[in-house]
1. Got a sec to turn the phi values of the range A:414-419 into Karplus ³J(HN,Hα) couplings, 6.51 cos²θ - 1.76 cosθ + 1.60 with θ = phi - 60°, whole Hz, x for Gly and Pro?
2. For the range B:562-677, calculate the relative contact order in percent as a whole number, restricting contacts to Cα pairs under 8 Å that are 6 or more residues apart.
3. Against the longest alpha carbon principal axis of chain A, how many degrees, from 0 to 90 and to the nearest 10, is the axis of helix A:479-489 turned?
4. Other chains near A:408-419: what is the mean number of their Cβ atoms within 10 Å of each residue's Cβ?
5. Where the only charges are on Cβ atoms (+1 Lys, Arg; -1 Asp, Glu), what is the dipole of the range A:1-154 about its Cα centre, to the nearest 20 debye?
6. What do you get for the angle between helix B:252-262 and the principal long axis of chain B? Use alpha-carbon atoms, 0 to 90 degrees, nearest ten.
7. Between copies, how far apart are the A:ARG156 label points? List them in nm, one decimal, shortest first, with each point 7 Å from Cα toward Cβ, please?
8. Over chain B, what relative contact order in percent results from Cα pairs under 8 Å that are six or more residues apart?
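Just so it is clear, none of the values below were taken in a lab; they were calculated from the coordinates. From a predicted model like this one, the values you see are computed outputs, not experimental measurements. Neighbour counts run over all protein chains shown; Cβ positions are idealised from the backbone, glycine included.
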There are 2 protein chains.
Amino acid sequence: MTSLRLAGFLAPRSIALVGCPSDLSRAGARPLLYLKKHGYPGQIYPVNPRHGEIGGLRAYPTLADLPDRPDTVWIGVPESDVLPVLEETARLKIPNAVIMTSGFGETDAAGAAHEARLRAVADAAGITVLGPNMLGFVNCWERVPLTFSSAGAVDRLIPGALGIASQSGALGGVVVNRAFDRLIGVSAMVSTGNEIGVTVSECLEYFADDDRTRAVALVAEGIRDGARFRAAAERLLRAGKPLVALKLGRSSAGQRNALTHTGALAGSSAAWRAVARQLGIVEVDTFEDLVEIGGFLSRESRVVRRGAAVVTTSGGASIMLADQFEAHGVGLPRLAPATVHTLGRMLPAYARTRDNPVDVTAGLSEALFGSVLETLVADPNLDAVVVAATSGGADRAQNIIRVAKAADKPVIACWLGGSVIEAGRALLDEHAVGCFRNPASAARALAAGRAVADARAEWTRRPQGSRRPAPPADPPATYAALASLARRAGVPLVAEALVSSPIEAARAARRLKFPVALKVVSPDLAHKTEAGALALGLDTAPAVERAATRLLRAARGRRVEGLLVQRMVQGVEVIVGVTRDPAFGPLLVVGAGGIEAELLGDTSCRPLPVTRREISAMLGEVRVLRRLTGYRGAPAADVPALIDAIAAVAKLAAMLGDRLTSLDVNPIIVGPRGRGAFAVDLLVSCEGPVVRGERT
Amino acid sequence: MTSLRLAGFLAPRSIALVGCPSDLSRAGARPLLYLKKHGYPGQIYPVNPRHGEIGGLRAYPTLADLPDRPDTVWIGVPESDVLPVLEETARLKIPNAVIMTSGFGETDAAGAAHEARLRAVADAAGITVLGPNMLGFVNCWERVPLTFSSAGAVDRLIPGALGIASQSGALGGVVVNRAFDRLIGVSAMVSTGNEIGVTVSECLEYFADDDRTRAVALVAEGIRDGARFRAAAERLLRAGKPLVALKLGRSSAGQRNALTHTGALAGSSAAWRAVARQLGIVEVDTFEDLVEIGGFLSRESRVVRRGAAVVTTSGGASIMLADQFEAHGVGLPRLAPATVHTLGRMLPAYARTRDNPVDVTAGLSEALFGSVLETLVADPNLDAVVVAATSGGADRAQNIIRVAKAADKPVIACWLGGSVIEAGRALLDEHAVGCFRNPASAARALAAGRAVADARAEWTRRPQGSRRPAPPADPPATYAALASLARRAGVPLVAEALVSSPIEAARAARRLKFPVALKVVSPDLAHKTEAGALALGLDTAPAVERAATRLLRAARGRRVEGLLVQRMVQGVEVIVGVTRDPAFGPLLVVGAGGIEAELLGDTSCRPLPVTRREISAMLGEVRVLRRLTGYRGAPAADVPALIDAIAAVAKLAAMLGDRLTSLDVNPIIVGPRGRGAFAVDLLVSCEGPVVRGERT
C-alpha cells in the first residue's frame, strides 16, 4: 500500500545530514538544530568531509563512512553536488532521500534536465524522494522535524489531528507555525517541492490512512497527478476527513510563477474548482482560514445543518455575523418559544433582541451571559451556538469553555476584539474550543462542515467502479458514425435525416414535418452560416428542394458527406461541452446558449464521470439557466429531459475515451416540460480525425 | 461651521458622569476609570445621589449641585431616568450630552417614541447629543477616553492620523484596540449609536477639517442622512483623506438587525456600493483590512500607479502575491534591464527568478537580501516594493525599515509567517512601515491608494455647483407633456408621432418611413402587449390604418390620449433607469436589455448627478454590454450617442426633481457607430400622477 511507504518515510530511525555546516549559526545547520531541539529520538549523522564533530555529534566525511545504513539522507548540498550524493545514496541502498536544494525543474531547461537525471537515479534504485526544492517535513507525533522551514523553529511541536501537505516548503512551515500559534495540533507536515517522488496526492493518501489525522490542510500551486489527486481526495472524503485547500496560482502571473517555481502545471482555475466542488474540498483564501477551519474540522465532526444561534453583547457584531452567515449559507433559525420565554425572564428590558441573533447588550453580567448561553444550547431548533465577542476577555472565555464542554452541539466563538480580550482567545485555544477571528471564517467553518458531509453522502451514493465501455477502435470519421455513436450513448439528436440529393431532402422533410433546417455536412465546412451551407425555416417541400440544390451548388469543390435535414425545434438553449484539463482530465461544462455564457463566464463545470444529481446541481449553478424553471411567466422547461441529455453527452465522452480532446453540443434546445430536449449540433475533436456536425 | 461643534464636543474641559457607581469594579465605572487611567486633563464630576466620593473624586448628588457648569454630561443611567437627566442638562444649559443607555429607537415603537422625546428636548435646548445606544468617544490627542468600550481599556492611547467613526460602540472600540495593537495612531474615535444628534456624516465632516486626521475608518450599519453623508465623503475626498469603510447590514438578516440595532435604514447594498464607487470610498470586509489599510493610507500618500515589485524568499509566497495583485488590479511591472543585470551578478545561480516577482530563494543571507531590496528600489519601472516574508524575523524587518526610510517610493511588507518571525512584524509596526498580514490586504491597500487618487482627480474635474433646472410646476400629466419634457432634456426619442385617427396614423407612418410600430397611449393600459394595444412591423400605409382601427376598437371604454406611431429601429438594447434610494436619493441604473440583466444582477449604478466619464465607466461595468464594443465580429455600437442619451435621461430625472420616484427607459436601442441611439420606451412615476409611455 502506497501510504505505508510514506508512513515509514516520515518516521526514520536514523538520518544522515549531508551538507550540514559545522558553524551552527549558518542556515544549513537548521535541520540538525531542529532535530536536536525537539528531541528527535533516532540517530543523527552529520556528513561533512572537513569536520569530525558537529554540534556535539560525530561527523562523517561521506555517506559511505557511516557506521550504519541510515533510513534517510537529507541533501542540502549545492546544486552541482546533488546528483553524486543521490547516486551514493542509491549505491548504499539507503531507502529515503530529502532533497532541499533548488535550481532544478523550477528554473530552466538545463535545470529540468538535471532534475530528470535525479529522477532516473531515484527510480532505478527505488529511493523514496521528497523534493527537490522544498524544505522537508515535520512528524510531530514521532518528533521528526526534518526541515529547514519555520516549522522547526517553533518552541515546541504540538502533536495533533491536522495533517499538512504543501508544495511550497516555506508556506508549509508558515502553516505549522500558525497552527501551533493557535495551539492546533499537527500530525505531520510534508512539503513536496518539485515532487520527483512524493507528491501532495501521496501525502493525502497517507493522511487518509493515518489514524492520528482527522483533517488535512493543503497548500498547492499545481497538481501534477490529477487522477491520483482525485482518488486521494476521494479516499479522504470516504474516511470522513475534511480537506481544506489554499490553492495558489489562480492568476495568470501566479500561474506563470507556479511554472517557474515548482514546474507544476497549474491547470485551469475552473478545473480545480470543479474538482474541489465534486470532492467536498473546502477552498480557502488565507492562512488564517486554512488554520482555523482546518483546525476546527480536525476536532469537530458534528454537522451544523439547520444553522446556529449568534449571541453577542454588540448589535454591530450581531449584524456582522448575520451578514456572513447569509453569505455562506449558514442558517440563523428562529429560537424556540420556550427559549424566547426564558430569555425574556432572564434579560433586562433594554436588551429586547430576543430572536436570533441574540444581542444581550453591553452591560450584561458575565453570570447572566453564561445563563443565556446555557439556554441557547438547550434550544432544539439550533445545531450550534456562536458567541461573537467584542469584550469580556477571560471571563467570557471561561463561560464559553464551560458551556461548550457540556454541550451536545458545537459552541464556538468569533473573537472580534483586540489585545484587550486576547487572554480569552488564548484560553479558548488552550481548551480547543473553536475560535475564529473573523465572522466570515466562522461562517465558512460551519458551512464547510456541512458541505463536506454532503459531498461524502453524495459520494457514497455514487455507483462504484468504472463502467466505461471500451472505446471504439477509432474515433468516428464521418458525421454518420458520430451520430450513430451519439444515439447509442442516448444523446437525443433532433429528428433528422442525412440524405444525398435535393429530392431525398424534400422527402425527408415531409416525413420530419415542417419547418426544417437544411445543412451541408462536409469536413471542409466548419462554419456553415458564413459558407452559405445552411438554410433555416424551410416550410414546404419545393422550398427544401430549391434550398438543397442551392447549397450543393455552393459546396461544389468540397468533400460533401451529405445533406442533413433537421426538424426545427424551439425552447431554451443550453450549451453542453466536454473539455480535457491537462491535470484533471475530461470536464463537463454546462452553460446558457447565446453569447452571454461566454461574456459572463456563467457556466458550471465538473470532472467526469458525473451523477444525475450532480448534473442537476450544475444547472442550478448557471445563473442565466434560472429561466429553465419558468422565469417571468414563461413555462417551465423539461429539465428531466435536459438532465438525461447531458448525462448522455457525458456517456458519449466516455465512449470516445482518452482520445477525446473536446466535445461540444451547442445547443441542446429544451422544450416545455414533457416536450423533451434535443441536441441540434455536435462537434467532436479527438486526437486524430476531427468530425464536425454543426447544425442549427 | 458644523465641524467646529464636534471639535469642541470632542475636547470638553469638564465632564459630569451621571450614573457612575461608587463600586469601581462595576461596569458603569469604566468611563471614570478610563478618563483617570489615560490622564484626562479636565475636570471630572461623578454624579451619584448616594455617595459623596467616588474613586477619590468628590461626587455630587445631582447635576444642579456641581460647582461649575460642565461642558459635557455622560448619561449612563437606566432607560427610564435618561429623559429627566437630559431635561436637567437642558435646564442647566450644559452644551453636550453623551447618552450610552440603550432601549430606545433600536427596540420597538415605545422605544422610538421615547427617543423622539429625547430628541425634542435636545433640539429645543441646542444640546449636541451623541447617542443614545453607543459607547462614547475617544479623543487621543487631548486624552479624552470618554467611553465604555474597549477603546478605553487599552494600555495607552496612541495619538495619530486615523480618524474612526462607528455607529456601533463596541465595534468602534474594537477598531481602536486593533489599531493600537498595530501601533497605528488614532486621532479620535466617535461611536454614534442611534444618532439623534451627531451622525457618522458629521464625524466625517469633522475629520475632513481636522488637520491631525489623514484618513478615516468607518463602521456603518445604515446611513440615515444620505445627502449629508455624500457631501461629507466628498469633503474628505477633496481634502485628500481616504475613507475606508466596513459596511454592515448587507444581508437581509443583517439589515433586519441593523433596523433593530440602531434603527437606521440600511438602504440597498447596490446604492451603498454606487456611492462608494463614486466617492472613492474604500470598501473592506474585515477589521484587519480596516485597520491595516486605513492605517497605511493615514501615513502614505504616494500613489502606486504602475505597480510594484514583489520580493520574497519563497516561491509559494511570490505566487500568493501575484494572484492577489492580479485580482486587485495592481501591476507587477517587468524589471528594468539594469535591475535584471544587477540581480544576476548579485544572486546565486539557483535563484534564477530575476523577473518580478523576485524569488531570491530560502538560503539567501540577510545582507544580500538588503542589497536586492536596494536594487529594486532604484528600478525606475517600479512605484513600490513589497517584501513577502515567511522567514527572517527581526533581521529582515531591520533591512526593510532601513531601505524604506531612505526610499523615494513605498516599501512595504506582507508578513506571512507566524510567531517565529513575529518580532519582525513588531519592529515594522514600531517604525510605521506598512505591514500586512495577508497578500490580499497588501494588494487592496495599493489598489485603494490609486482608486482614491483617481476618484479625487475625477471629482475635481466635475462641474461645481448644481445646475438643476427648477422642477416643472407639476409632473407631466400626459404622454405628450412627458415626451416634450424628455426632448427638452435631450433624450433621443425614436422618430414618432402622436396622432388621433387611423388616417393620421397612416400619414405619419409614411413620413416616418416603414416599418413602424403602433401603440395606444392610455393611462389605463400599462401593459400594451397583453392588452392588444400594440402592433409591430407594419410596413405599408393600409396595414397601419387597419392596425390603428383594430387597436382603437380594442381600447374602447378606456381613456385614450392618442395613437403613437414610431419608426422601428435595430441595435443593441440597453436599459436605463433612475430609482430613488431611501438613504441616498436618485440612482442611475444601466443594464443590458432582455432578461439577463435581471437574472444576473449585471447592472451598474451611480448616484445622480453623474458625469459623462462616469457613464462611460458604468457601461464598462456591465459585463453583457461588452458587446457594445463589437463582440464576435458584430459592428461596434454608437457608444458616444448612448452616453449622450444616458446623460439626457439623467437630466430628465433632474428636471423632474424630488417628486420623481422612478424613471425607466427600456430600452434605448443603440445602432452601429455613427447611427445613433434611440429611446423607445419611457415610463415615469412621480409622487402624484403616473405617466406611462410604453412603446416597443
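1. So the Karplus estimates, Gly and Pro as x, are 10, 9, 7, x, x, 4 Hz.
2. For the range B:562-677, the relative contact order is 34 percent.
3. Helix A:479-489 sits at roughly 60 degrees to that axis.
4. 4
5. So the magnitude is around 460 debye.
6. Tilt relative to chain B: about 60 degrees.
7. Taking the point 7 Å beyond Cα along Cα→Cβ, the inter-copy spacings are 3.3 nm.
8. 9 percent
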